[in-house]
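Below is one structure; the comments refer to it alone.
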């Protein structure tokens, strides 16, 4: 299942989509694509924004569906220090979130987006956090949970636990060129089948996803097919082409190091008039009249 | 203030991007020259009457443009005495290690909100917060999570709300495979996630050199609505009057 279809179709009910990023490549752009696609599908989207301001999260989203987006202000006060937030990290528990969603007018199954899960994990016990996630998935009020996790800010074990809970994990990493990033999608269906896919993607200004070709080998980008190969022998001031006779003559030329029958006999038979070798053996020499090369099958 | 660095970062004291969080970090090198650059850069931006090379910090402090919190100096007093007066509130985390940096943030918030009013009623414009250096808090026993919460709040107040800028210096230790849990590298990663621009100073990987003092990586992370993720490495040399920056391989010693 490609990341594009994941974004466009969302997950099935009770799904948990995890976007993992590192300092090398941020996953917030992809998160925005998910939000935009959910809004376009007509779903109610509740964003628990702890790390980024509302303006940044909503920038580029489709204006016609923005009223279905409910941004619960964690940022700029996610911990309640200045008493200006409507939802603090501390209240990340299934009963509070369920109540928050039910308080909106249309309480049909909603999409819950958390930005970011890293901040929540910093202030909650991992076990309690996992329990909360499972309760939310089974609660019925939330159709899908989409979370952003900065995997290089936590111990490997914690990242592993959260990945295990997720039905889809998308890890983003930088690609060789700056315009694209690589998304590795791992999806587990309810039947237990695991599908993996790796693709290039980039996020457009209108929060839509643009997926390019899959990387065949690490570091290779597929060439664009509509660039036709140019003929190198055209438009030159000298002639690089062969006429019919020239081509035939070229094929007839015997190559220097290929042994054909004529070459062999020409090399081995002494031609008349060639030099003779006169050898006068010394007393110490062991002169043998026989030809030492007699046994060669040349 | 280094003119070459201004052109690399595409900013001048008269026109720079506001609401920016700039992270300065170093490993086995000293990046404090970049803090000096930013200090004089922003002071110059405030006061166009500054002439010549120098910016007087004492004068700026008197005028109220510059507010200092001498963290290390005051922290000894907090640890040794029972002084719970207003002046030591910012450092109250030293007495109660489990507490976060809320007190320190409140001090910062008070200062940046007040800084808008100068003596003669003139407004200095959006505030700039400079922290030198944040990794000292780690050695004082504060957890990485608490520091990241503190910087998130500073960013929310200084950059997002007041449209000011924030420059933070972090010193990193050697990268260690076991060092994933706590430590300066984890702190740096958390700050890189939050920042708009990261400047990282290291020694040359090939060793010491008389003409090139180190390399600086400039990492443009994100603007307000766009995500850049562009990295470039420059070499630099610090001298009396400032520092010069050049592309790799173009040092005057080499050419």
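The values are calculated or read from the model by the stated rules, or taken from the named source; none is laboratory data. Worth saying up front: this structure is predicted, and the values here are computed from it rather than measured. So basically every Cβ, Gly included, is an ideal-geometry build from the backbone, and we count neighbours across all protein chains shown.
Miscellaneous remarks
- Selection status of residue A:246, modelled with pLDDT of 75 or more and assigned to a loop (DSSP other than H, G, I, E, B): no
- Set A:18, A:48: member being surrounded by 20 or more Cβ atoms within 10 Å (Cβ to Cβ), under 16 Å from residue A:184 (Cβ atoms) and in contact with a helix residue (DSSP H, G or I) (Cβ under 9 Å, 6 or more places away or on another chain): A:18
- Some residue of segment B:132-140 being over 21 Å from residue A:154 (Cβ atoms), more than 10 Å from chain A (Cβ to nearest Cβ) and in contact with a strand residue (DSSP E or B) (Cβ under 6 Å, 6 or more places away or on another chain): yes
- Residue satisfying condition, being within 14 Å of another protein chain (Cβ to nearest Cβ), touching a strand residue (DSSP E or B) at 6+ places or on another chain (Cβ under 8 Å) and either free of Cβ contacts under 8 Å to residues at least 12 places away in the same chain or closer than 30 Å to residue A:85 by Cα (or both), within set B:162, B:152, B:197: B:197
- Residue check for residue A:50: within 14 Å of another protein chain (Cβ to nearest Cβ), within 30 Å of residue B:219 (Cβ to Cβ) and modelled with pLDDT under 90: no
- Residues of segment A:175-188 satisfying the condition of being away from chain B (no Cβ under 14 Å) and either more than 28 Å from residue A:119 (Cα to Cα) or in contact with a helix residue (DSSP H, G or I) (Cβ under 6 Å, 6 or more places away or on another chain) (or both): A:183, A:185
- Hey, residue A:55 part of a helix (DSSP H, G or I), at the interface with another protein chain (Cβ under 10 Å from one of its Cβ atoms) and farther than 21 Å from residue A:142 by Cα or not: yes
- Residue B:190 vs. criteria farther than 28 Å from residue A:118 by Cβ and either without any contact (Cβ under 8 Å) to a residue 60 or more places away in the chain or within 11 Å of another protein chain (Cβ to nearest Cβ) (or both): no
- Sole residue being within 13 Å of the chain's Cα centre (by Cα), within 14 Å of chain B (Cβ to nearest Cβ) and closer than 19 Å to residue A:20 by Cβ, chosen from A:159, A:211, A:172: A:172
- The sole residue among A:148, A:117 that is away from chain B (no Cβ under 11 Å) and crowded, with 22+ Cβ neighbours inside 10 Å is A:117.
- The set of residues from segment A:61-76 being surrounded by 20 or more Cβ atoms within 10 Å (Cβ to Cβ) and either assigned to a loop (DSSP other than H, G, I, E, B) or free of Cβ contacts under 8 Å to residues at least 24 places away in the same chain (or both) comprises A:74, A:75, A:76.
- In segment A:1-47, residue farthest from the other protein chains (Cβ to nearest Cβ) [restricted to those that are modelled with pLDDT under 85 and assigned to a helix (DSSP H, G or I)]: A:9
- Any hit, segment A:80-91, residues being within 13 Å of chain B (Cβ to nearest Cβ), within 14 Å of residue A:146 (Cα to Cα), in a loop (DSSP other than H, G, I, E, B) and touching a residue at least 12 places away in the same chain (Cβ under 8 Å): no
- Selection of segment B:200-221 for residues being buried (at least 17 other Cβ atoms within 10 Å of the Cβ) and away from chain A (no Cβ under 14 Å) yields B:201, B:202, B:203, B:212, B:213, B:214, B:215, B:216.
- Candidate set from segment B:222-254 (those that are part of a strand (DSSP E or B) and under 30 Å from residue A:60 (Cβ atoms)); member that is farthest from the other protein chains (Cβ to nearest Cβ): B:232
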